[in-house]
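Input: a single structure, listed below in structure tokens.
A short reminder: the numbers here are calculations on the coordinates, not readings from a lab. In this text the structure is predicted, and so the values were computed from the model without any measurement. Positions of Cβ are backbone-derived with ideal geometry, glycine not excepted, and every protein chain shown enters the neighbour counts.
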Amino acid sequence: MLSRVADALYWMCRYAERAENVARFLDVSLQVTLDMPDSHGDPWAGIIAATGEEESFEACYGAPTRDTIVRFLTVDPESENSIVSCARLARDNARSIRESISSETWEQVNKWYLLVRDAAGSEAVVEDPHDFLAAVKEASHLFVGVTYLTMTHGEGWHFGRLGRLLERADQTSRIVDAKQALLMARLPDVGASLDEILLAALLRSVSALEMYRKRYGRLDHTAVLEFLMLDKQFPRSIRHCLDTAQTSLRAITATPSHASGTRPERLLGRLAAEYEYAIVDEIVAEGLHEHLDQLQSKLNDVGAAIYETFFAARQEPVTQEQRQDDGPQ
Amino acid sequence: MELSSYAPGAFYDEMFDPERRPRVGCELLARTISALPDADLVRRQRSAERSLLHMGITFSVYGHERGTEKILPFDLIPRVVHAREWAKLERGLAQRMRAMNLFIDDVYHDRKIINDGVIPVEVVESAASYLPGCRGLDPPRGVWCHINGSDLVRGGDGHYYVLEDNLRCPSGVSYVLHNRQVMKRTFPRVFEASRVRPVDGYPSELLRVLQNVRPRGAATPTVVVLTPGPYNSAYSEHSFLAQQMGVELVEPRDLTVRDGFVWMRTTRGLSRVDVIYRRIDDVFLDPLAFRPDSMLGVPGIMSVVRAGRVALANAPGTGVADDKVVYAYVPAIIRYYLGEDPILPNVPTFLCFDDKQRSHVLANLDKLVVKAANESGGYGMLMGPQASSAERAAFADRIKANPRNYIAQPLLALSRVPTLIDEQLEGRHVDLRPYVLHGGDDIFVLPGGLTRVALKKGSFVVNSSQGGGSKDTWVLADDIAGRDSAAC
């Protein structure tokens, strides 16, 4: 498959996934804020800090308020990771490889983009973002379903899934990071029942509440953390994302299971193994924020290695044997 | 929708005769339209537009903001061509395609036609699309032009004429296929009863042609479509055709020349390419051969073409035959190579490099259409009767400064088709672009084509870049179907 096409498939899915996660992140932030007592400081400042885009936000809007934050994350075309920007980038990538994806996939990305673009023209989204965020999540689910059901699960599809799962691992880590104060300890001036409400809202933001209940029953800080980071089967847990990404990467390279493969396979394999055997109490003891910081930087390394190995223009016809050996270059 | 108020007018109407009776093959369509409530037709029109937008069948407009896409306006009243009429067009188009290929091959080899005094050497060599570097080139199976989309018009006399040839990269065929899909949904019953010939076979025919012209030694050829990229106005068509044929769509940066072959860059290294359906103009193909300043292109690809190790469709240099001055010689070209009379006539054409013809043109600018010889897409054109005297004077200066670059034709009273305008049916002028394929053995004419319609009242300019839209073209399998039994 063409390197450029693989690259575009990978990013089409990454941006689509990012749009969904921004919607999830904003949704939980708005809900948690509603439930927070006024005494608990400025709830909005933390939200922008969690996106890591304080500077560009401040340049455009100054001090964060509810309305400016909603605008920044949803309909602002200048904001790099707003939903409208992600949907546009997903569509731009899809548009450059329409012949390589199914028409249904293209139509879903296109419809999604038109939905977001049209909503971006009205003030209604900023005033009441709930329906909009729900529509974005639903469109993303349709997109994943359509790609799953209408595209051959070959190399291209695996590049797409690889992009999606790496993005999701990264985004889940950001949502957890943003709420780490909540997850690390009981808030001092928050009552026990409110504490539960906040944990429930966090779980709901990643559609995890019901699945969590089935697994653990009552709400508990450490258990929530364990579920979101280390659960083997929940589709948004970091471990599950890493496992599945690894499966796709192996399918792409066709590396036999006993071989360690290309550089991205080694980096991703190491990370997935770490999560397979991780113990939640150790992560907490080590410092959750530091841990998540490191995870994000390792995910960046995997992304860079994928780029080097598959997308950067290579000049030599490469055979199967060479490809497996060129890992540690 | 009330049809009794529809006025065919002073022009040839494709659906109604001057007595307002539906023409052959249009009876059922006319009856269906008149039986539809007004709102229903408008609703179907809207739903057709919506599906085109969702399918993303868009073109980019030059001069607009980068990345601006529009849908080509679509009108749901089809243009009907009955079977006997089509049979003649088909023969005429195939004849033209055959003669043009012999001409191009001759021009780049022995030049018999020039030596025999049929066409002056200056006319050929002064064509901007003539490429001296293609002398002696031998494209596989001797075919230079594989894909041709001539523009036909029907004049007030009811006859079809060839208005111009497009032998470089004719575009628009994807609209033909998409319009058809939408029409089947919009008028399923009439469509079936009218026995309309299918157009869906085009991608398979195209792939067959491309595989047929593979270089020697490539038993199972790798075919690709080469596009300038997503910002090209016809990008969605390039992508669509690649997808429908199941081949890779490549951009110049995906290709590289190495060890005398063309390769594409894949996730598994370089992979060889044998046949390229290129949608890039000649001069942007290879910066080493043509334009060193070009950012587009694949350096060195022309040397691979010359060595016969990759086939381009259409072959480079083919454009010499769609120069608008060369066009005037096509009837003579057909007689010269085939010994036959042209089945489809040209529009009478005045050549401005000829002193006598030029003075006629300059004296009659208010009656003529003047075209630049090397432009297309409705650019570089003067519509004499509709232009201001200042515009005519400016054009007269341009003609005098560079006579070789201009031709003039009488303004044809293009035929019209009923078109939905502001929820009413009004006549609008149309042309017809059929698509013709040549893979070395036989010639395939797609039974259908792009009917372009000038949506502005009174306008004769149908180009999408100038406010034109499109219609589905129904070529009927026979002329009996579509009438009810009482009428037979």
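Between helix B:83-107 and chain B, what is the angle of the helix's C-alpha long axis to the longest principal axis, kept within 0 to 90° and rounded to the nearest 10?
Helix B:83-107 and the main axis of chain B meet at about 20 degrees.
When a/c reaches 1.5 or more, the comparison of a/b and b/c decides; with that in mind, is segment A:3-325 rounded, prolate or oblate per its Cα gyration tensor?
Note, shape of segment A:3-325 comes out oblate.
Let me spell out the model: positive unit charges on the Cβ of Lys and Arg, negative unit charges on the Cβ of Asp and Glu, origin at the Cα centre of segment A:9-133. What dipole size does that give, in debye rounded to 20?
That gives segment A:9-133 a dipole magnitude of about 580 debye.
Tell me the relative contact order for chain B as a rounded percent, counting alpha carbon contacts under 8 Å between residues six or more apart.
25
Arranged by the count of other C-beta atoms within 10 angstrom, fewest first, what order do B:444, B:103 take?
Ordered by Cβ neighbours within 10 Å, fewest first: B:444, B:103.
If R₀ is 51 angstrom, what is the calculated FRET efficiency for the pair residue A:195 and residue A:152, using the beta carbon separation as r and rounding to 0.05?
So the FRET efficiency works out to roughly 0.60.
Kindly flag which residue pairs out of B:112/B:400; B:324/B:400; A:111/A:232 have an alpha-carbon separation exceeding 26 Å in this structure.
Too far apart for the 26 Å limit: B:112/B:400; A:111/A:232.
Would you mind giving the mean number of other chain beta-carbons within 10 Å of the Cβ of each residue in B:235-246, as a whole number?
Partner Cβ neighbours, averaged per residue: 3.
Give me the aspartates and glutamates in straight-line cross-link reach of residue B:367: C-alpha distance below 16 Å, same-chain residues under 8 apart excluded.
B:391
Express in whole angstrom the spacing between the alpha-carbon centres of segment B:154-187 and segment A:54-68.
53
For B:240, B:11, A:57, what's the fewest-to-most ordering of other Cβ within 10 Å of each Cβ?
Neighbour counts put them in this order, fewest first: B:11, A:57, B:240.
Starting from the Cα gyration tensor of segment B:348-411, take the square roots of the eigenvalues, sort them a ≥ b ≥ c, and report rounded, prolate or oblate (rounded when a/c is under 1.5, otherwise prolate if a/b is larger than b/c, else oblate).
Judged from the Cα gyration tensor, segment B:348-411 comes out rounded (a/c under 1.5).
In debye, nearest 20, what is the charge dipole magnitude of the protein assembly as shown about its Cα centre with +1 on Lys and Arg Cβ and -1 on Asp and Glu Cβ, if you could check?
Roughly 2620 debye for the protein assembly as shown.
Between residue B:332 and residue A:304, what is the label-to-label distance in nm when each label sits 7 Å out along the Cα-to-Cβ direction?
Those two pseudo-labels are separated by 6.8 nm.
Which whole-angstrom value gives the distance between the alpha carbon centres of segment B:306-384 and segment B:77-108?
16
Cα axis of helix A:103-120 to longest principal axis of chain A: angle in degrees, 0 to 90, nearest 10?
Roughly 30 degrees between the two axes.
Rounded, prolate or oblate, given the Cα gyration tensor of segment A:239-292, with a/c below 1.5 counting as rounded?
Verdict is prolate for segment A:239-292.
Per DSSP H run of n ≥ 4, the term is -39500 (n - 2.57); total these for the protein assembly as shown, divide by its residue number, and report the mean residue ellipticity at 222 nm rounded to 500 deg cm²/dmol.
Per the formula, -14500 deg cm²/dmol.
Packing-wise, with mean Cβ within 10 Å as the measure, how do B:82-93, A:154-165 rank, highest first?
A:154-165, B:82-93
Give me the one-decimal nm value for the distance between modelled label points at residue B:216 and residue B:159, 7 Å along each residue's Cα-to-Cβ direction.
Once both label points are built, they end up 4.5 nm from each other.
Output the relative contact order of chain A, whole-number percent, from Cα pairs under 8 angstrom with separation of 6+ residues.
Rounded, it is 22 percent for chain A.
Report the one residue of A:68, A:219, A:45 whose Cα lies farthest in the direction of the positive end of the charge dipole of segment A:3-325 (charges on C-beta: Lys and Arg +1, Asp and Glu -1; origin at the Cα centre).
The residue sitting most towards the positive pole is A:219.
Stretch residue B:70-residue B:11 to full length: gain in nm at 0.36 nm per residue minus the Cα-Cα span?
Fully extending the segment from residue B:70 to residue B:11 adds 18.2 nm.
Counting only other chains, and only Cβ atoms inside 10 Å, what mean value do you get across the residues of B:257-265?
Partner Cβ neighbours, averaged per residue: 2.
Which order do peptides B:18-31, A:281-294 fall in by mean Cβ count within 10 Å, highest first?
B:18-31, A:281-294
Based on DSSP, what percent of beta bridges with both residues in chain B are antiparallel, to the nearest 5?
Taking every DSSP beta bridge with both residues in chain B, the antiparallel ones total about 75 percent.
Nearest 10 degrees is fine. How inclined is helix A:221-230 to the longest principal axis of chain A, computing both from alpha carbons?
Once rounded, one gets 20 degrees.
For the protein assembly as shown, what proportion of DSSP beta bridges, expressed in % and rounded to the nearest 5, is antiparallel?
Here the share of antiparallel DSSP bridges comes out near 75 percent.
Given contacts defined as C-alpha pairs under 8 Å and at least six residues apart, what's the relative contact order of segment A:58-216, whole-number percent?
For segment A:58-216, the relative contact order is 15 percent.
Please arrange B:171, B:239, B:465 by how many other C-beta atoms lie within 10 Å of their C-beta, fewest to most.
With the sparsest Cβ surroundings first, the list reads B:465, B:171, B:239.
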